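Below: one structure, written as structure tokens.
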Amino acid sequence: MDTRVLIVADENIPLVSEAFASLGDVRTMPGRAIDRAAVADADVLLVRSITPVDGALLHGSRVRFVATATIGTDHVDTAYLAAAGIGFSAAPGANANSVAEYVVAALLTLERLGKLDLARSSIGVVGVGNVGGRVAAYAAALGMQVVCNDPPKARLTGARELVPLDELMGCNVITLHVPLTDAGPDATRNLFDGRRLSRMRRDAVLINTSRGRVVDEPALREALGAGRLGGAVLDVWWGEPDIDVRLLRMATLATPHIAGYSHDGKINGTAMVYAATCRYFGVPTQWNSPECEAMVHRLGPRDDVHEVVQRAYDIQTDDARMRGILHVPDAQRSAGFDAFRRNYPCRLEFRNHRVIGNAEQCDVLRRLRLLGFRTPAD
């Protein structure tokens, strides 16, 4: 492979310089700053979800291969890439567990806030792919009744446990794990519009970690303001990073598109696009992603599942930091949203946490093991 290959990459892709050093020269920059001038002489472009990749960006450039270190691909014009003969790869499933653990943290926090009694609550999972499938399993481990909806998967598999969306509307929680699509019978843009939101229970909570445009934000704001919905947990927003601060104030929990930002998830994304790039250029991989050292937690006499999950990931800390942008001038809020994401602290997934307890705590340990924590039984 030509050592003069130039790789332009979003600086938020962790270890990207170390991983891709064997393939050529790596130039990192903020994802929102990647423009035509930046990619004009590049051979490879590596992005995350904030960089739109289309003909307007790439026409006339040297780019031969594009990869996004994310699950979603709605920011990439894949039809243009195919027509232009440009290779492409994504990272499906890379941060799926991170998002599922975010939902677990949100559910346990909602219970602490008095919004839910998990053992007596139902959850509707919309989309049961890499993320939604994990969410369904973890919610069951928390003692919730789980109802799943996934029309494309239902048609493909005939699975009877996948029910129509209307049958989820009576759930205490509805959580969204679908791609953003505009066409076909399963289009998801504004899937939860005013009509759909009006069919939810008045005390129900909506969780959106998929894409902002899957939910009609003005309709959601109206429903929350009128007391027709019990709450909302929002990680994704219209117009990121310039988000609706009125909706931010109304949200029960709010974060800046970081549900999938675990250290493990981001490293997985880097590893997947690195391997795909090597395959495209026909060269062997030379970089291996580093392993994390497990953190150890000893259960106190009154510790429960929520206490341990909170030590591993305290979603309320992220919520409090997110609300900090409410106290800065309007012109600085977008920068604050991006800065939060850019400087996000290291968050290890549950599998990197080892929990030690005694025989009397076997039920707590069992439930933690079902959520992915390491316990003495492992």
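The set of residues from the stretch 50-102 being within 25 Å of S210 (Cα to Cα) and charged (D, E, K, R) comprises D54, D74, D77, E101. Within the stretch 75-107, the set of residues being closer than 19 Å to T270 by Cα and assigned to a loop (DSSP other than H, G, I, E, B) comprises H75, A90, A91, P92, G93, A94, N95. Answer with yes or no whether G127 is touching an Asp or Glu at 6+ places or on another chain (Cβ under 6 Å), surrounded by 23 or more Cβ atoms within 10 Å (Cβ to Cβ) and assigned by TED's automatic domain parsing to the domain that holds A204. Answer is yes for this residue. Just one of the numbered conditions (1) more than 16 Å from G230 (Cα to Cα); (2) crowded, with 17+ Cβ neighbours inside 10 Å; (3) touching a residue at least 24 places away in the same chain (Cβ under 8 Å); (4) not aromatic (F, W, Y) is not true of A119: (2).
Taking every residue in the stretch 185-198 that is among the polar types (S, T, N, Q) and pairing it with any residue that is assigned to a loop (DSSP other than H, G, I, E, B), at least 6 positions away or on another chain, the pairs with Cβ-Cβ distances below 6 Å are T188/V178; T188/L180; T188/T181; N190/D216. Among the residues of the stretch 319-335, write down those that are touching a Pro at 6+ places or on another chain (Cβ under 8 Å) and not hydrophobic (A, V, I, L, M, F, W, C). Result: R333, S334. From the residues in the stretch 337-378 that are free of Cβ contacts under 8 Å to residues at least 24 places away in the same chain and in a helix (DSSP H, G or I), which one is surrounded by the fewest Cβ atoms within 10 Å (Cβ to Cβ)? Here the answer is A359. Here A320 clears all of (1) closer than 30 Å to E240 by Cα; (2) among the aliphatic types (A, V, I, L, M); (3) touching a Phe, Trp or Tyr at 6+ places or on another chain (Cβ under 6 Å) except the condition numbered (3).
Considering T70, T28, the condition of being in contact (Cβ under 8 Å) with a residue 24 or more places away in the chain and among the hydroxyl-bearing types (S, T, Y) is satisfied by T70 alone. Looking only at residues that are of a type in the set (S, T, N, Q) and surrounded by fewer than 23 Cβ atoms within 10 Å (Cβ to Cβ) in the stretch 67-96, which one is nearest to A19 (Cα to Cα)? In this case the residue turns out to be S89. Number of residues in the stretch 20-37 that are under 30 Å from S334 (Cα atoms), surrounded by 15 or more Cβ atoms within 10 Å (Cβ to Cβ) and among the small types (G, A, S) equals 1. Selection of the stretch 298-315 for residues being closer than 19 Å to H263 by Cα and surrounded by 15 or more Cβ atoms within 10 Å (Cβ to Cβ) yields V308, V309, Q310, A312, Y313, I315.
The values are calculated or read from the model by the stated rules, or taken from the named source; none is laboratory data. Given the structure is predicted, the values throughout are model-derived calculations rather than measurements. FYI the Cβ positions are ideal-geometry reconstructions off the backbone, even for glycines, and counts take in every protein chain you see.
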